[in-house]
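Novice: The structure's right below; bear with me while I get my questions together.
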Amino acid sequence: MAITQGKSTRSPSGARNRTNRGKRKSELGRDSAETHIAERKVRKIRTRGGNEKLRLAATNKVNVINQLYDKAKVLDILDVVENNANPNYVRRNIITKGAIVETAEGNVKVTSRPGQDGVVNGIFVD
């Protein structure tokens, strides 16, 4: 069955809504990227209007911005320490926005969306 981002079949009170039409191409959804730790691998996705979106399938680097000195550097990702999106993502080393990853210089919080942007950016966590 297709993944859809259309209107729910239930109303806020829980009653069933009767649909007056079927699914639309514009309501099409896709599987999540589930970016994991490995050599860099990117998938190109065609989006609405013929544009392209880079979906990061795997990476082992993070662009870290040091807010005190306004400097950026690229560090290796060693492990995923915490991920509030899903506790199982920690065991599977899946990186999403808000995940805390371990690097050689300390823990980094991911501020970008790897499945949408195609890059992993982050800031140091105190």
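The values are calculated or read from the model by the stated rules, or taken from the named source; none is laboratory data. Quick caveat: nothing in here was measured; it's all calculated off a predicted structure. When we count neighbours, we look across all protein chains shown, and the Cβ atoms used for this are built from the backbone with ideal geometry, even at glycine. Protein only, heavy atoms only, side chains kept; ligands, DNA and RNA dropped before computing areas. Shrake-Rupley method; radii C 1.70, N 1.55, O 1.52, S 1.80 Å.
Novice: Could you work out what % of the accessible surface of the chain is carbon and sulfur, using a 1.4 angstrom probe and leaving DNA, RNA and ligands out of the count?
Specialist: The computed percentage sits at 45.
Novice: Summing +1 for each Lys or Arg and -1 for each Asp or Glu, what net charge is found among the other residues whose Cβ lies under 15 Å from the Cβ of residue 73?
Specialist: -1
Novice: Right, another one. With unit charges on the beta carbons (Lys and Arg positive, Asp and Glu negative) and the dipole taken about the Cα centre of the stretch 53-126, which residue among 84, 123, 54 sits farthest to the positive side?
Specialist: The residue sitting most towards the positive pole is 54.
Novice: What order do you get for 5-14, 23-32, 79-88 when each peptide is scored by the mean count of other beta carbon atoms within 10 Å, highest first?
Specialist: 79-88, 23-32, 5-14
Novice: Follow-up question, since we're still on this one. To the nearest 500 deg cm²/dmol, what mean residue ellipticity at 222 nm is calculated for the chain from DSSP H runs of n ≥ 4 alone, each contributing -39,500 (n - 2.57), summed and divided by the residues?
Specialist: Roughly -1000 deg cm²/dmol at 222 nm, from the helical runs in the chain.
Novice: Of the peptides 39-51, 57-69, 109-121, how do they stack up when ordered by the mean number of other Cβ atoms within 10 Å, highest first?
Specialist: Ranked by mean Cβ neighbours within 10 Å, highest first: 109-121, 57-69, 39-51.
Novice: Send over a whole-number figure in Å² for the accessible area per residue of the stretch 63-117, probe 1.4 Å.
Specialist: 63
Novice: Next question. Report, in listed order, any pair from 25/61; 7/53; 41/73 with a Cα-Cα distance greater than 30 Å.
Specialist: Beyond 30 Å: 25/61.
Novice: How many nm is it between the label spots at residue 8 and residue 102, if each spot is 7 Å from the Cα in line with the beta carbon?
Specialist: 3.9
Novice: Take the Cα gyration tensor of the stretch 5-79, multiply each eigenvalue by 5, square-root it, and list the three semi-axes largest first, rounded to whole angstrom.
Specialist: After diagonalising the Cα gyration tensor, the semi-axes are 39, 17, 13 Å.
Novice: Let me ask something additional. Reported to two decimal places, what Rg/Rh ratio describes the chain when computed on Cα atoms with Rh from the Kirkwood expression?
Specialist: 1.10
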